[in-house]
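The values are calculated or read from the model by the stated rules, or taken from the named source; none is laboratory data. The structure presented is a predicted model; accordingly, all values stated were derived computationally and were not measured. Please note: Cβ atoms are built from the backbone with ideal geometry, for glycine as well, and neighbour counts cover all protein chains shown.
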Amino acid sequence: MFTNILFLMSAVLTVGGAFAVILTKNIMHACVYLLSSLLGVAGLYVTLGADFVAATQLVVYVGGIVILMVFAVLLTGGSDAQKENKFGLSKIPLMGNNKTYTIAWITAFVVFMTLIKIISNIIKYYKETEVSAYTATVEKIGMLLVTDHVLAFEISSVLLLGALVGAAVIARPRKRE
Amino acid sequence: MMTLSSYLMISFILFLAGIVVMIARKNMIAMLLGIELILNAAALNFVAYTKFVNQNMDGHIFPLFIIVVAAAEAAVGLAIVIRFYQIKETIHIDDATQLQS
């Protein structure tokens, strides 16, 4: 009962946040709606019994990436000053106009028709199996990370180091020579 | 209500929303928001299949690596956006034409 209510609230939060990101015209509001959508995904992880993944989602995504994006929005001003490009033609506004939205919806429709065929097959032939009870997953994940998936673990640490150094080098102010 | 198909539909809607945001927007940061939505849809699929189909823990490991890669991608992408804004004073994607000529 409680899990059903949590599932419904999380699903509404996820889908509503995703559609609000599409429909809003303000980049700051889009960041906040993305925050609600990611919170909903974390709630869905909880209903699936993935407690460690839900906690990581909350800490890294909601607390880290969205805050980083809000900082980037604040640092870049978010206004399109010049309305014309270098050829003198009028530019598309920053958050898109009807033309770009039409192209995007047509693309989404094509992808929808392609994927719904696959998903309908899955739904049709999927047999309901008994679902395992909720157990703590932290210990199992910790054991798997240092036994079966240790190579991916080490590679991800190197990737994070590279991303950190790369971001620092790119964003560093350069001296005029 | 909590079946595999409902989770698949939610992640499907997230994926489509990410595609629409990525194509319709001309703001670099807004396009990054679309990429985050698509990555979340993929991770949700992994966890849902782990719960309902094979029930080993590998489907919980992969979303962790997806989150790590998304964090690295957001850090580097936003550094590039801020650097671009320092040079061109705009974040319109159509102004990034220096490699064209």
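Considering the conditions (1) under 30 Å from A:V146 (Cα atoms); (2) out of contact with any Lys or Arg (no Cβ under 9 Å at 6 or more places or on another chain); (3) surrounded by fewer than 22 Cβ atoms within 10 Å (Cβ to Cβ); (4) within 7 Å of another protein chain (Cβ to nearest Cβ), B:I13 is excluded by exactly one of them, (1). In the range A:1-74, counting only helices (runs of 4 or more DSSP H) that sit wholly within it, the ones holding 2 or more residues that are surrounded by fewer than 17 Cβ atoms within 10 Å (Cβ to Cβ) span A:2-23, A:27-47.
Identify, from the list A:S90, A:S120, the residue that is more than 7 Å from every other protein chain (Cβ to nearest Cβ) and either at pLDDT 85 or above or on the phi > 0 side of the Ramachandran plot (or both). The unique qualifying residue is A:S120. Report yes if A:Y101 is part of a helix (DSSP H, G or I) and either in contact (Cβ under 8 Å) with a residue 60 or more places away in the chain or buried (at least 20 other Cβ atoms within 10 Å of the Cβ) (or both), otherwise no. No: the conditions fail for A:Y101. Screening the range A:32-52 for residues that are hydrophobic (A, V, I, L, M, F, W, C) and in contact (Cβ under 8 Å) with a residue 40 or more places away in the chain and picking the one that is nearest to the other protein chains (Cβ to nearest Cβ) gives A:A50. Filtering A:L115, A:L144, A:L94 for residues that are in contact with an Asp or Glu (Cβ under 7 Å, 6 or more places away or on another chain), among the aliphatic types (A, V, I, L, M) and surrounded by 11 or more Cβ atoms within 10 Å (Cβ to Cβ) leaves a single hit, A:L94. The set of residues in the range B:81-95 being in contact (Cβ under 8 Å) with a residue 12 or more places away in the chain and in a helix (DSSP H, G or I) consists of B:V81, B:F84, B:I93, B:D94. Within the bounds of the range B:49-63, is there any residue that is surrounded by fewer than 21 Cβ atoms within 10 Å (Cβ to Cβ), outside any helix (DSSP H, G or I) and either on the phi > 0 side of the Ramachandran plot or in contact with an Asp or Glu (Cβ under 8 Å, 6 or more places away or on another chain) (or both)? Checked the range B:49-63: at least one residue is surrounded by fewer than 21 Cβ atoms within 10 Å (Cβ to Cβ), outside any helix (DSSP H, G or I) and either on the phi > 0 side of the Ramachandran plot or in contact with an Asp or Glu (Cβ under 8 Å, 6 or more places away or on another chain) (or both).
Apart from one condition, B:Q100 fits all of (1) more than 25 Å from A:V53 (Cα to Cα); (2) facing chain A (nearest Cβ under 7 Å); (3) assigned to a loop (DSSP other than H, G, I, E, B); (4) not small (G, A, S); the exception is (2). Is it the case that some residue within the range B:39-46 is more than 8 Å from chain A (Cβ to nearest Cβ), closer than 23 Å to A:H29 by Cα and part of a helix (DSSP H, G or I)? There is at least one residue in the range B:39-46 that is more than 8 Å from chain A (Cβ to nearest Cβ), closer than 23 Å to A:H29 by Cα and part of a helix (DSSP H, G or I).
Condition test on A:V165, is it assigned to a helix (DSSP H, G or I) and aliphatic (A, V, I, L, M)? Yes: the conditions hold for A:V165.
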